[in-house]
Amino acid sequence: MPARCLGAFALAVGALILAFSALDLQEAPPVGAATLSRGQLVPDIIGGRQTPIEQVPWQVYIEGGLFEAEGKTFTTFCGGSILDATHILTAAHCTDAEGTTNGYPAEIFKVLAGDSDDKSASATTQERAVASIRRDPLYTTSPIGDDVAILTLATPLELSAAKHAEPISLVASGETPAPGTPLDVSGYGKEQGSEADPPTGELFSTTLTAIDSDACRDMVGPNSAVLLCAIGSDSSFCEGDSGSALTEGNPPVQVGIVDYGSYECPVDRPNVFTNIAAPEIRAFIEGNESPPVAARPISPPVIATVGSVQSTPVAFSPVTCEAGSWSGAPSYSYTFQTENAAVEVLQSGSSNVFTPSASLLGVPLVCVVRAHNSGGVATNRSATTPAILADTGHPTASITALKCHLRTCTLSIAADDPHDSALKATASASHLVPVKCHLKKGQAKKRGKRPVCHKTDTVHMSVGAISTDAFKATASKLPYDRRLTFTILVTNAAGLRPARSPIRSTTLHPPKTVKKKR
């Protein structure tokens with residue numbers, strides 16, 4: 001086998017992202033020579049473990065025949081997985097011209113199964129020609145998405161444990177691995193990331209950990225619905241591993257296809273895989289040439305705030321996450337989270353309204369939108385807000401109406417808060433009641449008219465909310481012929497009150513008695 005690799009790079013958010021595109025090209029060296037073209041690479045497992053094919057019997061090696069390009073002779077190599085005796089699942093970029101969607105003819109490819117080393121045949125090695133190739137009709141290279149293809153073999157494989165060639169089951173549609181799930185990947189690619197280190201041809205594997213697509217947003221971009229990410233603290237896939245299977249569980253099911261990663265395959269950086277659980281991908285694998293298309297973001301979500309402080313959230317004041325524009329007519333779910341050193345999910349679900357508490361003072365927020373439709377679940381996020389401020393805006397309140405009948409009075413109350421902070425109201429009715437005057441110690445009673453003293457009698461009114469900024473307060477069994485003073489107290493969630501509380505007064509009179517004529 002040729003020993004040197006060629007490939008293509010893609011630029012993603014200021015970082016060079018290795019696209020592992022176009023077949024993982026190898027330049028065919030002359031006899032006794034091995035020269036690597038500078039500036040180019042293609043996708044073994046970095047920091048992995050050598051693995052016998054018996055442990056991953058679905059793994060195959062895909063090689064392309066010699067062809068000429070730009071005055072040089074090239075061959076190609078990738079990984080793949082066995083779906084059944086005649087079908088191999090791999091990445092679409094393993095079957096096309098580098099950086100394009102122009103597919104190479106099927107006859108240049110061959111598939112090796114049942115072998116732990118792609119450079120030396122064994123008693124279990126099976127080599128098959130490729131009769132035809134199906135590429136996902138939605139496959140794109142910029143940005144990378146729907147990177148999946150199925151090879152149909154000219155003659156069936158002999159599937160058995162004895163031949164170390166067995167099919168892999170696929171994860172259920174819609175069951176994308178949750179963040180934190182351990183995932184395994186294998187391949188024949190490079191064991192070192194630098195250009196000067198070619199692959200050995202031996203089969204290696206490693207274990208990665210699934211991460212949320214939002215945590216991998218710089219890598220997946222607008223195609224988050226059809227891509228998933230996993231990371232290894234001390235390992236990574238690399239050039240030559242494209243098209244190989246990412247698996248979950250025991251017995252394993254395939255959840256992804258090796259797609260692309262960062263330049264020179266550093267560890268502790270996200271690796272990107274085609275997401276087999278995405279309905280958009282899964283429908284194609286199962287034979288649909290017009291699969292449902294997941295949503296793609298057109299414009300980003302926005303966190304809308306209330307009040308005079310533009311774009312700055314305030315404690316106890318609700319913020320709204322506006323989903324932004326999307327293709328595919330999706331429905332949405334929303335996650336509000338802190339955007340500081342320790343990311344904390346504050347609220348997640350169908351509601352796009354969140355009210356920050358006082359414990360979040362000084363903390364910025366972000367909203368992650370998940371767009372759901374028949375093609376899958378895509379993600380996008382808002383810009384980060386400024387740090388949350390304390391509420392310093394006092395509410396206002398007024399009595400808009402007072403109506404009394406006999407000994408019952410009802411107040412209509414209007415209230416407003418500059419930051420839409422939640423309001424509560426209390427109300428009371430007070431009047432003076434004559435009481436016996438108490439003499440001070442040593443004070444003698446005076447002759448003549450006895451003095452009159454008073455105390456204040458207060459009745460707490462029943463208050464009900466009509467809306468967020470309107471209330472009604474009612475009191476019954478109020479006295480006649482007493483001057484009644486009604487006082488309203490409105491308080492917002494931050495404990496702030498109006499600068500002046502509204503007051504209204506009235507006196508109730510008993511109904512006149514009508515004398516009957518004799």
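Read-outs: derived from the displayed coordinates by stated rules, not from any lab. What you are looking at is a predicted structure, and each value in this text was computed from that prediction instead of being measured. Here the Cβ positions follow ideal geometry from the backbone for every residue, glycine too, while neighbour counts run over all protein chains shown.
Per-structure values
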quantity	calculated
Nearest-0.05 FRET efficiency for residue 438 and residue 404, computed from C-beta distance (R0 41 Å)	0.75
Sorted peptide list for 487-499, 201-213, criterion being average Cβ within 10 angstrom, highest first	201-213, 487-499
Simple label model, 7 Å out from Cα along Cβ direction - residue 172 to residue 374, nm	2.1
Extension gain (nm, one decimal) between residue 383 and residue 312, 0.36 nm per residue minus Cα-Cα	24.4 nm
Chain lengthening between residue 207 and residue 120 when straightened (0.36 nm per residue, less Cα-Cα)	28.7 nm
Exposure proxy ranking, count of Cβ atoms within 10 Å, fewest first, for 77, 237	77, 237
Gain upon complete extension [residue 331, residue 392; 0.36 nm per residue less C-alpha separation]	18.3 nm
